[in-house]
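Below is one structure, written out as structure tokens; comments come after it.
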Amino acid sequence: MAISNLGFVCRFQYPARPLFYCFSKVRFNTVSAIETVDYKDNDVHDIDSDKTSKAPEWKKLNSEDLGITSSMISKPTRQVLNVLKSKGHDVYLVGGCVRDLILKRTPKDFDILTSAELREVVRTFSRCEIVGRRFPICHVHIGNDMIEVSSFSTSAHNSPGNMRTGSGKSNGSCDEDSLRLNNCLQRDFTINGLMFDSYAKVVYDYLGGIEDIRKAKVRTVFHAGSSFKEDCARILRGTRIAARLGFTISKETAHFLKNLSFLVQRLHRGRILMEMNYMLAYGSAEASLRLLWKFGILEILLPIQAAYLVHSGFKRRDKRTNMLLSLFGNLDILLAPDRPCHSSLWLAILALHKALADQPRFPSVVAAFSLAVHNGGDVLEAVKITREITKPHDRSFFELLEPEKLDSQTLLDEVMDLEVSTREALGQMTDGRFISKAMAAYPQAPYSDMVFIPLQLYLDARRIFECVKENVQEGFVPKQDSKIEYTLLSSGDLSEVRHVFARVVFDTVFPLNPSQEL
């Protein structure tokens, strides 16, 4: 069936390592592996500035002056806030959601902080459970949504000893200010250290977060070196936040992010997968890959892709693009924080690109392959449609050969061969031994054979394109229009994932404004 609208415009623990889901050691040399980063950050303090800097001015701002209205808060979140407030508890929105509301962005999720004990929260909501040991919180389920609720009483037990704002005492402030301050001091970055009382219409800023939002700056709450050592997941979160918001990273934070990036090897594989999914599945994949490469983190997490950038002569601060970045740039166009894709989609894109980087193909072959995936394995129709394409391909990608007029049988054979290569590439990306061997050709990089892809995700990604070798999948009905059903896409619905996969690949090979570079 033809496609309508063809113009696709820390916990440090090391559990056992099952196949395709192993966490491997990383040997890292920051001096030889990472180039000096040009931070271009003239409006921030020197690296040692925290030792002498004064505490930021505490601010209480009118939320309406910041452009925040109640309608910007999701209905399930408002429901949880209202129930807790009606029972006499103080409630605040905290963290990244406040930052996003100020920036007029749709938050990925909403986090609530309350004066209620967690056990009280559990008794209040029928679908609620306490999760986490070190930092327990409640997951409140409202319909299909899940709202995180934390308690002041829990955060009080985890009050940090190293405070960048000095003594933590305000000038005559009340106990409520001290409670709010202590909670904010446990945040990772200043722009995440804001609290919003939607009933009093007040945003509390104790750490200078509003000013850093104004400067578009990512800065740790206290000394960056100590912060990253305390929780190395902040290295990935800081990179992700900067990529998603288009913010720069303060000089001190960037310095320690680069030089302590090897600490991410200590993270549990599930945590790494979660952070990578946040980077690649929510509309900021290209920017995330660029920053991971800039700070020397890509070599550890995705060493095959890092080797590709080296072999293609891509510098740390390179502004150019390439096929890998273009694929994810086109994926970003279709996604958003509230419209993510299933993680199998970005994994399949990585596998296809590796196959093309290893063996360049004719544009028609890649197009027919993507159309066959969309059609659930109907290769014959995909070949028929492809032979009618007259659009020029992007000639700047070495992964694409100069076009030749292929007969139907040759094109069919090439598509089948590309499916085999993509399947092999996916297997290689989840094989620590292969990754280790491949990285031997990249001596400047840190040794890494890390694999954080679980078996089920590997199988999900494989299902996306293995229909090509099986021909038409029985009972599979391809989409008839270009509309994306994001609920289905995020849940991994095969038809929806294949549809978006085909759009991304097709728009990368045949862009609206193709490059004329040779």
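The values are calculated or read from the model by the stated rules, or taken from the named source; none is laboratory data. Please read all numbers here as calculations on a predicted model, not as lab measurements. Please note: Cβ atoms are built from the backbone with ideal geometry, for glycine as well, and neighbour counts cover all protein chains shown. To get the accessible areas, we keep the full protein, side chains included, count just its heavy atoms, and leave off ligands, DNA and RNA. Shrake-Rupley method; radii C 1.70, N 1.55, O 1.52, S 1.80 Å.
For segment 268-517, the solvent-accessible area works out to 38 Å² per residue, with a probe of 1.4 Å and every protein chain left in place. Pairs of Lys residues in segment 268-517 are counted when their Cα atoms are under 15 angstrom apart and they lie 8 or more places apart or on different chains; the count is 4.
Give a quick list of trypsin sites (Lys or Arg not before Pro) in segment 269-346 that DSSP marks as loop, anything other than H, G, I, E or B, with at most 14 other Cβ atoms within 10 Å.
For trypsin sites (Lys or Arg not before Pro) across segment 269-346 that sit outside H, G, I, E and B with at most 14 neighbouring Cβ atoms in 10 Å, the list reads Lys315, Arg317, Lys319, Arg320.
When every Cα-Cα distance of segment 322-403 is counted in 10 angstrom steps from zero, the calculated P(r) takes the values 16, 44, 35, 5 percent.
Residues of segment 79-110 falling in the label zone of Glu176, defined by backbone nitrogen less than 15 Å from a point 7 Å along Cα to beta-carbon, are 85-86, 88-93.
Taking a straight Cα-Cα cut-off under 19 Å and skipping sequence neighbours fewer than 8 places away in the same chain, the lysines within cross-link reach of Lys229 are Lys25, Lys51, Lys251, Lys258. Taking chymotrypsin sites (Phe, Trp or Tyr not before Pro) across segment 170-231, the ones in a DSSP loop with at most 13 further Cβ atoms lying within 10 angstrom of their Cβ are Tyr199.
A probe of 1.4 angstrom, applied to the heavy atoms of all protein chains, finds Asp65 with accessible area near 130 square angstrom.
Our summary of shape: the Cα atoms of segment 268-517 have principal axis extents of 46, 39, 33 Å, ordered from largest down, in whole angstrom.
Sorted from greatest to least, the principal axis extents spanned by the alpha carbons of segment 218-261 come out as 25, 18, 18 Å. Cross-link partners of Lys87 among lysines, defined as those whose alpha carbon lies under 24 angstrom from its own and excluding same-chain residues fewer than eight positions apart: Lys75, Lys201. Heavy-atom accessible area with a 1.4 Å probe sorts Arg433, Arg214, Arg127, largest first, into Arg433, Arg214, Arg127. The alpha carbon centroids of segment 250-311 and segment 414-432 are separated by 24 Å. If you sort Val218, Val131 by accessible surface, 1.4 Å probe, largest first, the order is Val131, Val218.
Using DSSP to define loop residues, name the GluC sites (Glu not before Pro) in segment 316-402 whose beta-carbon has at most 14 other beta-carbon atoms within 10 Å. Please report the intermediate quantities before stating the final value.
Details: sites: Glu381, Glu388, Glu399; in loops: Glu388, Glu399.
Counting only loop positions with at most 14 other Cβ atoms within 10 Å, the GluC sites (Glu not before Pro) in segment 316-402 are Glu388.
Taking 0.36 nm per residue of separation and subtracting the current Cα-Cα distance, fully stretching the chain between Gln456 and Asp358 would add 32.7 nm. Rounded to the nearest 0.05, what FRET efficiency is calculated for Ser70 and Arg387 with R0 set to 60 Å and r the Cβ-Cβ distance? Given R0 = 60 Å and the Cβ-Cβ separation, E is 0.60.
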